[in-house]
Amino acid sequence: MSRIEKRFAALKAEGRAGLVAYLTAGDPDLDTSTRLFEGVAAAGADLIEIGMPFSDPMADGPLIQAAGMRALKSGMTLRKTLALVRHLRARDPDTPYVLMGYYNPIYRYGAEAFCRDAAVAGVDGLIIVDLPPEEDPELAEPAHRAGLDLVRLATPTSDEHRLPVIVDRASGFLYYVAIAGITGTRSADTAAVREAVARIRRFTGLPVAVGFGIKTPEQAAEVARAADAAVVGSALVDRLAQNLDPSGKAKPGLADAVLGDIAALAKGIRGARA
């Protein structure tokens, strides 16, 4: 079993959903980002999404766009992102790490080489938001050979005709995007999430993680009652941004503030089905 499979199996055995925490690699700088990621699992995250900074993140709202710009400005690259994962994996052999981002940097790196290097670094899965199923074999095939899960995305517009295409050859888990639009702009509708998760389960036995529009422990708990995991990103990136000084440097309490939010989200999720 992969680390992702093991983690979701453990969550099922515990009778609870998981927390997937997202932060952008290298935001606001590599040293701060490294120290922050080192504490994310201990704060309560069950899986960790690591954003690959990109200059044109079309699915992301202003918060994550700004995070990517800060990271790129500080000199973050895709190779440095893989080096960050390698460092984290040496410290933590069990937590699943999923890289999330866009295909252009991978294309420039070379899909075969990227998948090989990502697997060696300790990456478990990939979420590539601008690569639909019809276009992803050039990444899916080398990812499969390297032992990486390719996590597909479903949206509120994914109907009974589209879902079979999405789940075909998907692995790890399915990521349900709970709102139509970009990240960090609106809150997810709980009733709509429940209906969507039930619909998705008719087409796949993969765990379903729900993201976009989850900002508070209460919202995360509501999602956790329906899905296998709640994904929180923009709210954490926003907390990070609130702890930068006017020059964009990290204030002393940045890590504690972000990790405190992760701990609160994890507590909400852990108590959701009690």
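The values are calculated or read from the model by the stated rules, or taken from the named source; none is laboratory data. Predicted, not measured: the structure shown is a model, and the values here were computed from it. Methodologically, a virtual Cβ is constructed for each residue, glycine included, from the backbone with ideal geometry; neighbour enumeration extends over all protein chains shown.
A quick yes/no check of all residues on (1) more than 21 Å from residue 14 (Cβ to Cβ); (2) buried (at least 23 other Cβ atoms within 10 Å of the Cβ):
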| site | (1), (2) |
| --- | --- |
| 157 | yes, no |
| 169 | yes, no |
| 172 | no, yes |
| 191 | yes, no |
| 214 | no, yes |
| 226 | no, no |
| 229 | no, yes |
| 239 | yes, no |
Fill in: residue 151, sole failed condition from (1) without any contact (Cβ under 8 Å) to a residue 24 or more places away in the chain; (2) of a type outside the set (Gly, Ala, Ser); (3) in contact with a strand residue (DSSP E or B) (Cβ under 7 Å, 6 or more places away or on another chain)
(1)
Worksheet item: Can you tell me which residues in the range 227-258 are part of a helix (DSSP H, G or I) and more than 14 Å from the chain's Cα centre (by Cα)?
Response: 238, 239, 240, 241, 242, 254, 255, 256, 257, 258
Practice prompt. May I ask you to list pairs of residues, at least six apart or on different chains, whose Cβ atoms are under 9 Å apart, with the first in the range 72-94 being on the phi > 0 side of the Ramachandran plot and the second being in a loop (DSSP other than H, G, I, E, B) and modelled with pLDDT of 95 or more?
Written response: 75/26; 75/29
Practice prompt. Quick one: in the range 245-259, of everything that is without any contact (Cβ under 8 Å) to a residue 24 or more places away in the chain and not polar (S, T, N, Q), which residue is surrounded by the fewest Cβ atoms within 10 Å (Cβ to Cβ)?
Written response: 246
Practice prompt. Would you confirm whether any residue within the range 57-65 is farther than 26 Å from residue 113 by Cα and in a loop (DSSP other than H, G, I, E, B)?
Written response: yes
Worksheet item: In the range 116-143, what residues are assigned to a helix (DSSP H, G or I), under 20 Å from residue 175 (Cα atoms) and within 19 Å of the chain's Cα centre (by Cα)?
Response: 133, 139, 140, 143
Item to complete: Collect the residues in the range 98-124 that are buried (at least 24 other Cβ atoms within 10 Å of the Cβ) and not aliphatic (A, V, I, L, M), keeping them in residue-number order.
Response: 101, 114, 115, 124
Worksheet entry | Within the range 21-56, tally of residues that are surrounded by fewer than 19 Cβ atoms within 10 Å (Cβ to Cβ), acidic (Asp, Glu) and assigned to a loop (DSSP other than H, G, I, E, B) | 2
